[in-house]
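Participant: The structure that follows is given in the form of C-alpha cells.
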Amino acid sequence: MDLSYSAEEIAFRDEVRTFLAEKLPKDLSDKVSGSDGDDLTKDDMERWHAILNEQGWLVPNWPKKFGGAEWNAVQRHIFEEEAAAANSPRTVPFGFSMLAPVLQKFGSQEQNDYWLPRMLNGDDWWCQGYSEPGAGSDLASLKTTAVKNEAGTHYVVNGQKTWTTLGQHANMIFCLVRTDKDVKQQEGISFLLIDMDTPGIEVRPIILLDGTPEVNEVWFTDVEVPVENLVGKENEGWTYAKYLLTHERTNIAGVGFSQAGLNTVKRLAKSEMSNGKPLIFSPQFAARVAQVEIDLKAMSTTNLRIISKAAAGSAPGVEASMLKVKGTIIRQEINDLARRAAGVYAMPFASEAIEGSNAGLPDPLGAGPVAAKYFNNRKLSIFGGSNEIQREIIAKTTMRG
Amino acid sequence: MNFDLTEERQMLQDTLRRFLRERYDTATRNKILASDTGMSSEIWEQLAELGVIGALFTEEQGGFGGKGFDISVVFEELGRAGVVEPFLDTAVLGGGLVADLGDESQVALVEEIIAGTCQMAFAHGEPTSRYDLNRVQTSAKVDGDDILLNGHKAVVVNAEAADHIVVSARESGAPGEDAGISLFLVPADTKGLTVQGYALLAGGRAAEVMLDDVRLPASARLGKAGAAFTAIEARVAAASVAQCAETLGAMDTATHLTKDYLLTRKQFGRPIGTFQALAHRMSDLLIEMEQARSAVINAAGHLEADRKTRESNISATKNLMGRAGRLVAEDSIQMHGGIAMTQEYELAHIAKRIVMGDHRFGDTDYHLERFIALSVA
Ligand SMILES: Cc1cc2nc3c(=O)[nH]c(=O)nc-3n(C[C@H](O)[C@H](O)[C@H](O)COP(=O)(O)OP(=O)(O)OC[C@H]3O[C@@H](n4cnc5c(N)ncnc54)[C@H](O)[C@@H]3O)c2cc1C
Ligand SMILES: Cc1cc2nc3c(=O)[nH]c(=O)nc-3n(C[C@H](O)[C@H](O)[C@H](O)COP(=O)(O)OP(=O)(O)OC[C@H]3O[C@@H](n4cnc5c(N)ncnc54)[C@H](O)[C@@H]3O)c2cc1C
C-alpha cells in the first residue's frame, strides 16, 4: 500500500495540468463552472473532443490498438481530478465509453474499422436507445421490433425509445430491439446501429423539470436498417447490453464532479453571510459540509481501489453498483448543499418559456443555477440502472447461497 | 382538546378544494407558469370572491378569520393544487402589515386587498441578510418633512405586480439590531424605486428592488419610527405558518401521486409498489406526513401565543417541514423514475414548490439553530 503518487505519476499530472492550462478554452471552462457543463452546445462539445483527439486523450479507456491512450486507473483518476479542478467539459459518453467497448469486444473487423475512426473524428454523434415507456428498470421487456425483410438485406424497425439523452444532436443511435418474440425475453434481443436520418424516424424533445431539453422520445415507423448494422449475433444483444452497462456504471461515481461541487459549496459558504458571519461558520451547515467531505474522501479511495482492480483484468461487477449508489448519494447531497448555501438567491430562474427572463439574474455569490441543478441531478439515482436496481444487484450477488 | 376544524373552516376548505380541483388543473397551471406575469388575474378574482383573502384577516381588520388555523386551512389547499398566485405576499405579508400597523387612512387599503383589487409585496430581505430579520441596512433619513429611502431589497416576491410595497428601512442602530427598523408604505410608481423582475424556479415572479433617494412623506410610515421589528417578526411567523401549510398540502399531493403510481406502474410483470424496497419507503413517507401535519398544527395553534412559545413552535415546524419536505419530494421523484423528471408532469411542479419553500423565511438549518437559541434563552 502506498497512497502517494510515484514520480512518474507526478510527471503525468504535470503534463495534464499544462495541457489544460494551455488548451482548455476559457469560454468552455466558464460554462462548465458551477453547472457540470449542462449549458454546453453541440459545437462546444465537439470543439473539446477535437482538442482532446489532437492530444491523443479523447479515449483514454480504449486499448492502444484501436487508437486509445490505454491509461491505467491512477492515470484516469489523475485526469479526472485535474479536469474537474480546471472546469473542463467531460466527453459525451455514448460513443466513446458505451458503444466502443461493445464494438471492440463483439463487433466485426469491418464495423470497428468503419465506426471507431468516425467517432474520433467527430463524424458521428451517438445516442443510446435502450429505454422505452414500458421498459425502464425492466429493460428486457422492451417491445421495439426488428424484422428481417424478405430479401434479407434489411431489418424493418417499429416502436418507440424514450429518455434518449442528447438525441437532438445525434445522427446515430444504438438500439436494443426485439428480433424474436417467442423465446424468453432476454433471448430475443439484438443490438442494432441505426442512422437517425433514415426515413420513418421522428425525434420529439422532452423538457425536464429544470426546463432543459436534455432528453427525447424517438419513434420508429418501418425504419429500414441494413443487416450489416447488426452488432454480434442476432438474439444475443442482451449480453452486449449488459456488458455496456458495466462500462456505463464505472464512470458514474463522479468523483471529479463531486470534488468540483464541494469546492463550489465551500466558496459560496465563505462569502454568504448568516447571522453576521460567513455561513461556513454556522455549525449546522459546517457539519453537513464536513460530513459529505469525509464521505467523498473515502469514496474517492474506493473508486481507485475498484478501478485499479478492474484494470488488472477483473471486470468491476458488484463493486460498480456500490460505487454508483454511493457516488450518486454524495453528488446529490452536494447539490443540496449548494442550493442551501445560495439562500433566497436559489429561487430566481432563467426560464426559456418566458421572454426576457434570461436577462442577468441576480446572483451576488456567482452561484449559478444551483436549484435547477439540484433538481436536474435527481436523474443520477434514476438512470444507468436506478439505485434500487443496483441494491438488488448487490444483494443478489453477495447473498447468493 | 379538539382536533376538528370549526364548521366555517371546514366549509372554506371544502369550497376551496372543489374550486381548485375543477379550475386549477395541471394544464391551466402550466399555462400560467409560462405566462409573462406568472399569475392569472382571473383565478385571483375568483378566489377573492370565494373569500380566500378575507379568511386571512380578522374581523376587526375587515375579514372573517386571520387566526393561525384560518391561514393553515387556506394555504394547505393552495399548496395541494400547486397554486403559484402570490396570496402569501399580498395578503399575509403586505396586507397583514398594513392591517397590523396602519393608521386610519392606511388601513383603507385592506378593503381593496380583500376585494382582490390590490396587489402587495413586502420588501425586507437584502443581499447580505440571508434569513436574519434584523439585518436591515436600507436607510431611512429624515429630510425636512420628508423621508429618503436608499438601499437594495433582495428577491422581493410579487414586487412587479404590487400596487404598494411595504419597505423596511433603518432609522437608527446597526444591522443586526432589532431597534431602529421602520416600515413604509410605498406606492409602486414612486420616483427612485426600480424593480428588476424575473421568474422563480417554483413559479411566480420576484424582483430586486432598488431604492435610490426614494422620497416619501412622513405619513408613509407604518407605525412608530424605529419600532417595527416586533410586528415584522410576528407577521413573518404568520407567513411561516402559511408557507408550512402550503408545503404540507403539496406533500400530500406528492404522496398521493406516488401511491397511485406505485399501484399502476408495472415493471417485471407486477406493480412496482409490490417491491418491498418501494413499499417500505412509501410507508416512511406516510409516517412523515403525519409528523408534518402535526407540526403545522403546532405552528398554527401557537400563532396567537406569547412570543417565545410562538417563535419556538415556528422554528420547530420550519425545521421539520424542511426535512420531511425534502424527503417526500426526493423520494416521490425517485419512486416514479424518469416520468417525474419531466416538466409536464404534476409531481415536477409540486416537488419544486415543496423544496423551494425551504428558501423562504429561513431554511431547515437556520431554524434548527434558532430553535436551539430560543430553547436556551
Ligand atoms: C435524465 C435521464 C436521461 C436518460 N438517458 C437515457 C438514455 O440516453 N438512453 C436510455 O436508453 N435511457 C435513458 N434514461 C432512462 C433510464 O435508464 C430509466 O429512467 C431507468 O432505467 C428507470 O426506468 P423508468 O424511468 O421507466 O422507471 P421504472 O423502471 O418504472 O422505475 C420506477 C421506480 O421503481 C423502482 N423499481 C423498479 N423495479 C424495481 C425492483 N425490482 N425493485 C425495487 N425497485 C424497483 C425504480 O428504482 C424506480 O424507483 C434516462 C433517464 C433520465 C431520467
Ligand atoms: C424484548 C422482546 C420482548 C418480546 N416480547 C414478546 C411478548 O411479550 N410476546 C410475544 O409473543 N413475543 C414477544 N417478542 C417476540 C417478538 O414478537 C419477535 O421477536 C418478533 O415478532 C420478531 O420475530 P423473530 O425474533 O423471530 O425475528 P424474525 O421474524 O425472524 O425477523 C428477523 C428479521 O427479519 C425481518 N423480517 C421478517 N420478516 C420480514 C418481511 N416479510 N419483510 C421484511 N423484513 C422481515 C425482521 O424485521 C427482523 O429484522 C419479544 C421480543 C423481544 C426482543
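Participant: Which residue is nearest to the other protein chains (Cβ to nearest Cβ), if the candidates are limited to the range B:186-201 and must be hydroxyl-bearing (Ser, Thr, Tyr) and surrounded by fewer than 19 Cβ atoms within 10 Å (Cβ to Cβ)?
Facilitator: Among residues in the range B:186-201 that are hydroxyl-bearing (Ser, Thr, Tyr) and surrounded by fewer than 19 Cβ atoms within 10 Å (Cβ to Cβ), the one nearest to the other protein chains (Cβ to nearest Cβ) is B:194.
Participant: Here is a further query. In the range A:116-150, what residues are charged (D, E, K, R) and surrounded by 16 or more Cβ atoms within 10 Å (Cβ to Cβ)?
Facilitator: Result: A:124, A:132, A:138.
Residue by residue, here is whether (1) under 18 Å from the mean Cα position of the chain (by Cα); (2) crowded, with 24+ Cβ neighbours inside 10 Å; (3) at pLDDT below 95; (4) within 20 Å of residue A:341 (Cβ to Cβ) holds:
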site	(1), (2), (3), (4)
B:322	yes, yes, no, yes
B:333	no, yes, no, no
B:337	no, no, no, no
B:352	yes, yes, no, yes
B:362	yes, yes, no, yes
B:366	yes, yes, no, yes
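Participant: Count, please, the residues in the range B:35-60 that happen to be within 22 Å of residue B:206 (Cα to Cα) and surrounded by fewer than 15 Cβ atoms within 10 Å (Cβ to Cβ).
Facilitator: Going through the range B:35-60 one residue at a time, the tally reaches 6.
One line per residue, one yes/no per condition, for (1) more than 13 Å from every other protein chain (Cβ to nearest Cβ); (2) farther than 24 Å from residue B:233 by Cβ; (3) of a type in the set (A, V, I, L, M, F, W, C); (4) more than 10 Å from ligand 1 (Cβ to nearest atom):
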position	(1), (2), (3), (4)
B:264	no, yes, no, yes
B:277	no, yes, yes, no
B:290	yes, yes, no, yes
B:293	yes, yes, no, yes
B:298	yes, no, no, yes
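Participant: Report, by residue number, each residue of the range B:219-269 that is of a type in the set (A, V, I, L, M) and without any contact (Cβ under 8 Å) to a residue 12 or more places away in the chain.
Facilitator: B:263
Participant: Taking the range B:223-236 on its own, how many of its residues are more than 27 Å from residue A:363 (Cα to Cα) and surrounded by fewer than 23 Cβ atoms within 10 Å (Cβ to Cβ)?
Facilitator: 9
Participant: Under 26 Å from residue A:370 (Cα atoms), out of contact with any His (no Cβ under 9 Å at 6 or more places or on another chain) and more than 14 Å from chain B (Cβ to nearest Cβ): does that describe residue A:245?
Facilitator: Answer is no for this residue.
Participant: If the Cβ limit is 6 Å and pairs must be 6+ apart or interchain, which residue in the range A:260-283 that is closer than 21 Å to residue B:132 by Cα and in the same structural domain as residue A:341 (by TED's automatic domain parsing) pairs with which residue that is part of a loop (DSSP other than H, G, I, E, B) and among the charged types (D, E, K, R)?
Facilitator: A:274/B:130; A:275/B:132; A:279/A:272
Participant: In the range A:151-182, how many are within 16 Å of ligand 1 (Cβ to nearest atom), surrounded by fewer than 22 Cβ atoms within 10 Å (Cβ to Cβ) and part of a loop (DSSP other than H, G, I, E, B)?
Facilitator: The number of residues fulfilling the criteria is 5.
Participant: Scan the range A:102-150 for residues that are more than 16 Å from ligand 1 (Cβ to nearest atom), in contact (Cβ under 8 Å) with a residue 12 or more places away in the chain and of a type in the set (Asp, Glu) and jot them down.
Facilitator: Selection gives A:110 alone.
Participant: While we're on this one: Do you know which residues across the range A:380-400 are at the interface with another protein chain (Cβ under 8 Å from one of its Cβ atoms), more than 6 Å from ligand 1 (Cβ to nearest atom) and surrounded by fewer than 18 Cβ atoms within 10 Å (Cβ to Cβ)?
Facilitator: A:391
The values are calculated or read from the model by the stated rules, or taken from the named source; none is laboratory data. Just so you know, these numbers come straight off a predicted model, no measurement behind them. Using ideal geometry, Cβ is built from the backbone for each residue, glycine included, and neighbour counts are taken over all protein chains shown.
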